[in-house]
Structure formats: C-alpha cells, structure tokens
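> Input: one structure, supplied below.
The values are calculated or read from the model by the stated rules, or taken from the named source; none is laboratory data. As the structure is a prediction and not an experimental result, all values here were calculated from the model. Please note: Cβ atoms are built from the backbone with ideal geometry, for glycine as well, and neighbour counts cover all protein chains shown. Side chains included, ligands, DNA and RNA excluded: accessible areas come from the protein's heavy atoms. Shrake-Rupley method; radii C 1.70, N 1.55, O 1.52, S 1.80 Å.
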Amino acid sequence: MHNAELDMDLQEFRGILGEALAEGGSQRLLRLTDEEIAVLDPDSLTDCVAPTPRLGQLSEQERTWAYTTALRSLVSREAVEIGNIDELDALLRKADADPETAGQPSGVDVDMRISPEVSLALTLRRSADRALAVEQHTSGGVAHTLVYAHSADLLLVERVTAGGLHMFSLAGSAADAAEVVRLAVDPFEVADKDGRAQQLTSEQITAQNVGRPLNDAINGAMVVGQMVVLADAPGPLLTTYATDEAVWTVYVEKPQAASGITARAVGTNTLRKMITQLILPS
C-alpha cells in the first residue's frame, strides 16, 4: 500500500474553511481512529506528536487485520476513494480466506484518493510551526489534546481518547481553541477565583516543599493537566490540578530553569487566558 498523497491546493478546501469557521468557536471536522490514520498517513506515526494508543496494544498480525478493517471503513464512509477497488477487493477476500497470507507482499498498490476534509486535517497536523500538546490524566487513563497553530484565525484541534479515537475540529482563534483545552483540564468547571501568586524554585518542587494549599491540591486532584509548547525554541510548561472545588496552576516560564515558576489557584477567565497565551502569544 502506497502512502496517501496529502498535499492539496488551498483553493480545494477554502470553502470548507470558510463554512467551518464562519460561526466562530471550534467547529467539528471529522473523526478518525488510530488504524485509519495509519492507513491514510503511515509516516505520521513517527513524524507527528499525536499519540496512537490503540496501535500500541496490538500485535503485528492484529495490526494487519485492523488496517484492513480501517480501509473498508474509510471507503464505506467515502473518506477515501479507491481507483482499483476490484483488484483490492480480490486481495482482501484472499486474505480473509487464508489469514496466513495477510500482511505478505501482494504486488498490489492501492490507488487511494483522499477526500478534501481528510486531506485538510492530515495536512494541517503535519505543517504547523507551533503546537500545544496537552495531556489529561484522570483515574480513567490519559487523553490528549493537540492544538496546531497556523495563523491567528486558523488552528486545528485534535483530541485523542485513551482508546485511540482522534476527533478533529477547526478553530478561528486561539481563544476558541483554548476553550477546548480548558474544558479538557477542568471538565467539571470547578475553577473558582484567582488566588495569590506564589513563586517557587525547582528545588522546592523536587522536595515537595510547596506549601500546604498547593500540596493539598496536588494530592487531591481528580484531573491533572500537563501542557507544553512545541516550537523551534523551547516553550513554557503549564500544569493544572483540578480538585473538587478549585483549579491550581503551576507555570514554568522556561524548561529546566531554576526560577520563573509561579503557582496559584485560578478562576475560569485566568485559566482560559493562560492557555490562549500558550497557543499563540500576543
């Protein structure tokens, strides 16, 4: 199976962008599974920062079967069009009849044409110069959110569940994308009001000498968020601790720096502004 061609002319999806962003906020684009992304853009499994948690749970043989199912799903949803569908169908029927041949070289190249919506999502996630990577830790596992910033009015948001479902949406501003991230790290919306800022050192954090209020928030957090800016120059880090009644943030201005660490309880507006600044500094 050859790699799908992801490049597309802006003219091809200008209408999609205009319609999706006209109303403001974050507008849903499409959903793909780990397996479908592996079929559409296999190089992205190593080139992109977004995780594929489901694939890590599968054996090599299970991956082959999963990819076959994923391709069928993509075709049935008209996310892709296969030019040599008859030839491919014969190959898939042969693999079903003799599973031991699955995954072996077949000599058949798949003539795959990707729909504009799918190509848009895969192109934008590959081509951003700046991104915000977010991890949401709960008792149910780890979920991820990636915000790929292309301009002040074009951002791609990718949410990845622990089960390997990738949900793509478009945002028309950093503030709109920040709202998606805010709801990920404060899903119960318990952020109340801003507290006094507390300056910390890396030594204090290592020694857990951060004061009782922050220590209680760390130990009592139901949701822990970790955010890091991915860009040419190392960006700041932001960790959030959401308890049953408040959200605390620990902001690190520069990675590995001995100072420049600020902790505080925050309200909703401050949390949103902090995330917006991480996505696209003003």
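> Taking the simple approach of a point 7 Å from Cα along Cα-to-Cβ for both LYS273 and ARG72, what is their distance in nm?
5.4
> Still on this model: Take the Cα coordinates of the range 197-282, assign each an equal point scatterer, and use the Debye formula without solvent to give log10 I(q)/I(0) at q = 0.13, 0.14 Å⁻¹.
Reported log10 I(q)/I(0), two decimals: -0.40, -0.47.
> Another question about this same structure. Sorted by accessible area with a 1.4 angstrom probe, largest first, how do HIS144, HIS150 fall?
Working: HIS144 40, HIS150 65 Å².
Most to least solvent-accessible, the answer reads HIS150, HIS144.
> If you don't mind, another one. Over the range 131-282, with every protein chain in place, what whole percent of the accessible area is carbon and sulfur at 1.4 Å, could you tell me? Write out the running numbers ahead of the final one.
Numbers: 3630 of 7110 Å².
Roughly 51 percent, rounded to a whole number.
> How many percent of the accessible area of the range 40-86 is carbon or sulfur, using a 1.4 Å probe?
Carbon and sulfur atoms account for 47 percent of the accessible area of the range 40-86.
> So, one more: Return the distance in nm (one decimal) between the two label points of a simple spin-label model at HIS150 and THR46, each offset 7 Å from Cα along Cα→Cβ.
2.7
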